[in-house]
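Read the structure below first, then the notes.
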Amino acid sequence: MSVCVPTFNGARHIEECLESVVAQTFGDLEVLVVDDGSTDETLAVVERFRARDTRVRVERNADNLGLVPNWNRCVALARGRWLKFVFQDDVIAPACVETLLRARRPDCPLVVCRRTLQFDDDRFDVRDEYSLTLEHSLDRLFGEVPFVSAEQVQRALLDHFGVNFVGEPTAVLVDRDAFARFGHFNPALVALCDFEYWARVGASTGLAYVPESLATFRVHAGSASEANRTRLWFHKEWLDPLVLRAELATAPAFAGVRAVAAFRQVDLAREALDLAARARRHAEQALRAAVPHDRGPLDAWRRVVASYPLLARSRRLRALEVRYAVGRTLRAHGGARPLPQPAVAGGGDGRGARVRVVAFYLPQFHPVPDNDDGGARGSPTGATWCPPAPSSPGTGNRTCPPISACTTCGCPRCGSRRPSWPGPTASPPSATTTTGSRAGACSSDRSTRCWRPGVPTFRSACAGRTSRGRARGTVETRRCSSSRRTPRPTITRTRAG
């Protein structure tokens, strides 16, 4: 049994951490401290513990490796069959190791216990962030069960994406064989580096659970988690979720997650590409906002994209790169060149021929507002009068007589929609009403215009086939998708004379 304590400038809390480790009721263990180039009194405190307890072993890295690479170095240097991580500012209960070892299962390389959060700062944003993790803990999701199956972990990964419902490494016991089977911690991650590994293993084997608070995770301003939250905000907010999305969509360990997603008709690859596009836009915004320009987020995004063929081969992401490159080039040269102005006939004195601008009204590009009901809102029930028609010599302002028409297609004469169905059965002077009916669609004339609120597409016919205009002046025609399924009389237009 090896207890791994990765350290870096942790002199403030390392003594309390080691006191809780050497006080374990399980005595046959190794306490491995791997220092990542601390510049404070961390090594001096550790040396005092090594002189007092022979189980304490100290290793120091020649160079500063970083958070996740130092975890992987702990795994490489540990000698025990089971590994227990304890961070330099965390503490564990005296019976933590013994209880977790007792809960081992032969087919499960992960044993997790409940942990307690200790806040040294009164910052509400930090508390709110960790409160989301507590709301999605194993107790809340699965109850106090001794074992969480791989299928349950797979579903939880899709339902609660990006939420560490397992816990920090201080609350987890790992079998060494898991690192040989599933690999090590992913150094491309900053905030989700521990959860991604728990998910990678748990989605294939499940995990054992001890519903007891045996570990305390300390949250303070000097912790590595808080430093990553402020200094590496772009990694935490965008690149970590992107890496996790790409792993779910491509990694062999998450094949079960992809099977559940396919059953739910969820395209994990498409979600990864969408997230990559959004992250690229935020990287471009960060590049423009910083003075001098900060290329760190953009370079980090490119490294992540290049490491996954799903993202590197995407035409959509390559098109985004070209688009932003062209935009930066234009801004560097003072913007785009102005378009040449057309010459005015008649000379340059300003008194030449006038240019008359003609505006065309295209109904397919001018959607009708949602509150437009054909001018009949507020009218009595059953009234289906058309709006006033243009004045004719000797007739004054007249209206079409009330006729029966489809609520979607409207009057065959003026195209106005009807607010109710059916209406009066009087026929207009130029129309003949028959008694035939068709359920599901009206059969008005092919030239009838049909507008539907919120859909700026010109629909030319309601009854008949769907076609696409090819000649000049033609438009696309589609079948009317009216939701009214009552029988409607067929309206046939006749030409006078």
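Brief remarks on what is shown
- Flag if L77 is within 22 Å of P109 (Cβ to Cβ) and among the hydrophobic types (A, V, I, L, M, F, W, C): yes
- Within the set V322, V305, the sole residue that is touching a Ser or Thr at 6+ places or on another chain (Cβ under 9 Å), hydrophobic (A, V, I, L, M, F, W, C) and more than 23 Å from V153 (Cβ to Cβ) turns out to be V305.
- Residue among T54, T7 that is out of contact with any His (no Cβ under 7 Å at 6 or more places or on another chain) and surrounded by 19 or more Cβ atoms within 10 Å (Cβ to Cβ): T7
- For the range 69-91, taking the residues that are part of a loop (DSSP other than H, G, I, E, B) and of a type outside the set (F, W, Y), the one that is surrounded by the most Cβ atoms within 10 Å (Cβ to Cβ) is identified as Q88.
- Residue within the range 281-292 that is free of Cβ contacts under 8 Å to residues at least 24 places away in the same chain, closer than 25 Å to F185 by Cα and under 20 Å from the mean Cα position of the chain (by Cα) present: no
- Residue in the range 14-34 that is in a helix (DSSP H, G or I), hydroxyl-bearing (S, T, Y) and farther than 19 Å from D177 by Cβ present: yes
- Residues of the range 137-180 that are out of contact with any Leu (no Cβ under 7 Å at 6 or more places or on another chain), without any contact (Cβ under 8 Å) to a residue 24 or more places away in the chain and either more than 25 Å from T216 (Cβ to Cβ) or crowded, with 20+ Cβ neighbours inside 10 Å (or both): D159, A180.
- Residues of the range 289-320 satisfying the condition of being charged (D, E, K, R) and exposed (fewer than 14 other Cβ atoms within 10 Å of the Cβ): R295, D299, R303, R313, R315, R316, R318
- For the range 206-257, a residue qualifies if it is part of a strand (DSSP E or B), modelled with pLDDT under 90 and touching a helix residue (DSSP H, G or I) at 6+ places or on another chain (Cβ under 7 Å), and the qualifying residues are F217, V219.
- Yes/no for R270 being in a helix (DSSP H, G or I), surrounded by 15 or more Cβ atoms within 10 Å (Cβ to Cβ) and without any contact (Cβ under 8 Å) to a residue 40 or more places away in the chain: no
- Scan of the range 37-66 for residues that are in a loop (DSSP other than H, G, I, E, B) and touching a Lys or Arg at 6+ places or on another chain (Cβ under 8 Å), ordered by number: G37, N61, L65
The values are calculated or read from the model by the stated rules, or taken from the named source; none is laboratory data. The shown structure was predicted, so the numbers you read here are calculated from the model rather than taken from an experiment. Using ideal geometry, Cβ is built from the backbone for each residue, glycine included, and neighbour counts are taken over all protein chains shown.
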